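Q: Just dropping this structure here.
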Amino acid sequence: MNKGFSRRHFMASAGAMISLPFLPSLLPREARAQDNACNAPKRMLAYYVPCGIHMAEFRPTGDGANWTAKRILEPIADLKDQISILTGLRNDPGESDGAGDHAAGTGAFLTAAHCFKSETVIRNGISVDQVAAQKIGGCTPLRSLQLGIDGGGSTGGCDSGYGCAYVRNISWASESQPLPKVTDPRVAFDLLFAGYDSDASEADAARRRALRKSVLDYAVNEAKSLNDRLGRNDQLRLAEFTSSVRDLELRIDAISGGSLVCEVPAKPGAPIDFVTHVGVMTELMALGLQCDRTRVITFMLGNGGSGRNYDFIGASGGHHSLSHHGGNRDNLEKLTRIGRWEVEQFAALTRRLAEMPDVGDTTVLDNSLLFFSSEISDGDRHNHDDLPVILAGGGGGAVKPGRHIVYRGGAKVANLCVSMLRSVGANVDSFGDDGDGPLAGLAG
């Protein structure tokens, strides 16, 4: 290993527009010995699903390590040893002032703060991902990345007097600054791997797409030239990386129509098939973490109170309407199918990260915490207690996965946020409106 061949120098040598996975064997020996925030990657991802979950088919049978998945959790049951199911958590700051629980709950999803009810005056709190980004965001080209499926602006009213900012964003840089999500996979790709200029013309965008192909060629060839200088684990990372990026490029190229914008217009000219859209975003998130482009990601599978029709899985009717099930058996069956499909998408992301080698003998999932939940629990009750929570990964040793942990007595989502922040090295003692310490029981 040449002296002075730093990680920064290596990333630059691979092309300014794309980086390779984190490869410890390319770091100088003295840098590898340092156990600091940048050289020992810790990652955080929040995965939001709208309209709650049918808890009767989510809550496992049994607790501790001896739990059995019901229908909604079956798609992730093969990853049982790498996930934690948390039931009984509450997010009281998500309670609305009168009507508007979807907005208030979505706004509080990652802030654990009570949103000010107004369509014009927006006041929330900083979200857990942005506190994490303050700690580890400087280690990567992107401090954090906000992704989603449904677009829409943050102005105007969206839920019983609450502003749209609360419904369409889960990441908040400050109490008045929501961070809009990227919904176009091509924009997300360019942000991660090729840079993005929001003022570029369509001709510029076309040139950038052509350049992206040449950049990928360059990066893959550069990666191959480094192969002999890598340890066995890093050679495996490199092979996985080159295969995944090529596959993703083909999938993105298959998506046609639309323009390069950070939020999909209200009436997009050529809508992307929903299932394909989610699949491409899933791969982008996995590659973004593996390639160390960012270590902090938020993802919204839908906006708060989404009315999406899931007829492709035999659950016709708007999701929001179905969530007001009234105890109707058909509605509950459809909600079970929707919840199961949502968990399938989260399981696909979890599985990808579990396959990706990381530092030493660990995987990307081992050194990550993935938080899956919704803004409410039951759609009829609009309650913010007994929330459906899946925590995937080990957080670099901060969490002992493989268990169903049942919380009683008002355990708080805000305290889970404290634990998540500590897992990335942010030594906080409080968070949000009511967080007063780490959540008990996660470390085993």
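Q: Place a +1 charge on the Cβ of each Lys and Arg in the stretch 45-92 and a -1 charge on the Cβ of each Asp and Glu, then give the dipole magnitude about the Cα centre in debye, rounded to the nearest 20.
A: Charge dipole of the stretch 45-92: 100 debye, to the nearest 20.
Q: Now for a different question. Determine the dipole magnitude for the stretch 87-162: charges of +1 sit on the beta-carbon of Lys and Arg, -1 on that of Asp and Glu, nothing else is charged, the reference point is the Cα centre, and the result goes in debye to the nearest 20.
A: 380
Q: Over 25 Å between Cα atoms: which of LYS117/LYS412; LYS42/LYS412; LYS334/LYS400; LYS42/LYS80; LYS70/LYS334 fall into that group?
A: Listed pairs above 25 Å: LYS334/LYS400.
Q: Given the Cα-Cα distance of ASP380 and ALA173 and 0.36 nm per residue of separation, how much length would full extension add, in nm?
A: So the extension gain works out to 71.4 nm.
Q: If packing is taken as the average number of other Cβ atoms within 10 Å across a peptide's residues, how do 391-399, 119-127, 310-318, 286-294 rank, most packed first?
A: Those peptides, ordered most packed to least, come out 286-294, 391-399, 119-127, 310-318.
Q: A follow-up question, please. With a ≥ b ≥ c taken as the square roots of the eigenvalues of the C-alpha gyration tensor of the stretch 78-205, please select rounded if a/c is under 1.5 and otherwise prolate if a/b is larger than b/c or oblate if it is not?
A: Verdict is oblate for the stretch 78-205.
Q: Considering only protein heavy atoms and a probe of 1.4 Å, how much of the accessible area of the stretch 316-420 is carbon and sulfur, as a whole percent?
A: The nonpolar share, carbon plus sulfur, comes to 45 percent.
Q: Over the stretch 96-157, what portion of Cα pair distances is larger than 17 Å, expressed as a whole percent?
A: 53
Q: Quote the FRET efficiency, to the nearest 0.05, computed for ASN66 versus LEU332 with a Förster distance R0 of 30 Å and r equal to the Cβ-Cβ distance.
A: Approximately 0.65, to the nearest 0.05.
Q: Can I get the semi-axes of the stretch 336-392's equivalent ellipsoid? Compute them from the C-alpha gyration tensor as square roots of 5 times the eigenvalues, in angstrom, largest first.
A: The equivalent ellipsoid of the stretch 336-392 has semi-axes of 29, 13, 5 Å.
Q: When the Kirkwood radius is taken over all Cα pairs of the stretch 294-442, what Stokes-Einstein diffusion coefficient follows at 20 °C and 1.002 mPa s, in µm²/s?
A: Rounded to a whole number, D works out at 125 µm²/s.
Q: Tell me, in nm to one decimal, what length is gained between GLN134 and ASP311 on full extension, where the rule is 0.36 nm per residue of separation less the Cα-Cα distance?
A: 59.6 nm
The values are calculated or read from the model by the stated rules, or taken from the named source; none is laboratory data. Not measured: the values here are computed from a predicted model. With ideal geometry, Cβ positions are generated from the backbone for all residues, glycine too; neighbour counts draw on all protein chains shown. For the accessible areas, the whole protein counts, side chains as well, though only heavy atoms, and no ligand, DNA or RNA atoms are used. Shrake-Rupley method; radii C 1.70, N 1.55, O 1.52, S 1.80 Å.
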